[in-house]
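Notes follow the structure.
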């Protein structure tokens, strides 16, 4: 680990040390000062398996550097800025297994990593081109902005990550217009057991939906989640009749099955 307040001494020391680190047995090397453009030449010759960039401003030099890292297996970018440009690696990264790109400012991500097994991406909706990753088993995508999210999540991402075998996990926020519920005319609540949360939801629906004509409360379970206490389930109808006063909602027909 190199760390000092004197950047000039740091870089001269850094270069002298790096030129000696040609061994493939190097496991970890940590720098606590910014690198200069002149440092790129000795770094080009490093044998490294893992590279993580955190809060780094990235220019075009990185796209020329990465293809030279022929044994790189783990690549991560976190809170980095590419100044809203594309990150494109034209040459295949044959040994890359893990790629994580989180909260970075870029316009497009494109690379060839035929042996990639795990991919994690979190950003706004940008085009993803990761090539023919036939070994890709897991992909996680965090969509930061909800605009046009359905098209991105269910059309473009499955095409871009077509080779995912085991799990494609998409985490996104969906923006729903607040007053859409005013158009609801019928609401059907099934599996109603009479618990407090269900009663509060029923009152919320009755009070906030101006166009509601019919509310159906059904204790019957339509989807079985492993709950088989029929005696407890039958209390739903009793609690609905006890706690929901139909006289308070004259414009809505309330049916308790």
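FYI, it's all coordinate maths here, none of it is from the lab. Model, not experiment: these values are computed from the prediction. With ideal geometry, Cβ positions are generated from the backbone for all residues, glycine too; neighbour counts draw on all protein chains shown.
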(Q) Starting from 0.36 nm per residue, how many nanometres of slack lie between residue 201 and residue 78 once their C-alpha separation is accounted for? (A) 40.2 nm
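Return the FRET efficiency for the residue pair residue 49, residue 220: r is the Cβ-Cβ distance, R0 is 45 Å, and the value is rounded to the nearest 0.05.
It comes to 0.20.
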Q.
Give me the one-decimal nm value for the distance between modelled label points at residue 97 and residue 246, 7 Å along each residue's Cα-to-Cβ direction.
A. 6.6
**Q.** Ranked 253, 143, 126, criterion: other C-beta atoms within 10 Å, fewest first
**A.** 253, 126, 143
(Q) Under the rule a/c < 1.5 gives rounded, and otherwise a/b versus b/c splits prolate from oblate, where does the range 48-172 land using the Cα gyration tensor? (A) oblate
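Can you tell me the length gained on complete extension of the stretch residue 253 to residue 59, counting 0.36 nm per residue apart and subtracting the Cα distance?
Between residue 253 and residue 59, full extension yields 63.4 nm more.
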Q: Go ahead and run the numbers for FRET between residue 134 and residue 108, Cβ-Cβ distance against an R0 of 25 Å, rounding to 0.05.
A: 0.65
